[in-house]
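Since the structure comes first, as structure tokens, the remarks are kept for the end.
Values quoted throughout were computed directly from the atomic coordinates according to the rules given, and no laboratory measurement underlies them. Quantities reported herein were computed from a predicted structural model and do not represent experimental measurements.
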Amino acid sequence: MALPKAVQLLYYTPILILTSTSLVIGFAAEPFFQFAMGAANQLLVPSAYVDAVLGGRL
């Protein structure tokens, strides 16, 4: 029993999305790297977060 053509095309949608996302991350890695480095810096040096939450009331 063959599936309708529209259903067959829907099976390729997640593959295409994941492939294109991987290619974008691979070829334009700098913004993702900068985001990851910024997040890591905030985790390692939480003083800006503490100041924002507590308002300097320590």
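Helix-derived [θ] at 222 nm for the chain: sum -39500 (n - 2.57) over DSSP H runs of at least 4, divide by residue count, nearest 500?
-27000 deg cm²/dmol
For the chain, the longest principal axis of the Cα atoms and the long axis of helix 5-27 meet at an angle of about 40 degrees.
Suppose the chain between residue 27 and residue 15 were pulled fully straight at 0.36 nm per residue; how much longer would it get relative to their current alpha carbon spacing?
Full-extension gain reported as 2.5 nm.
Under a GNM of the chain (C-alpha, springs under 10 Å), which listed residue has the highest mean-square fluctuation: 36, 48, 28? Of 36, 48, 28, the most mobile in the Gaussian network model is 48. Between the helical axis of 29-44 and the longest alpha-carbon principal axis of the chain there is an angle of about 40 degrees.
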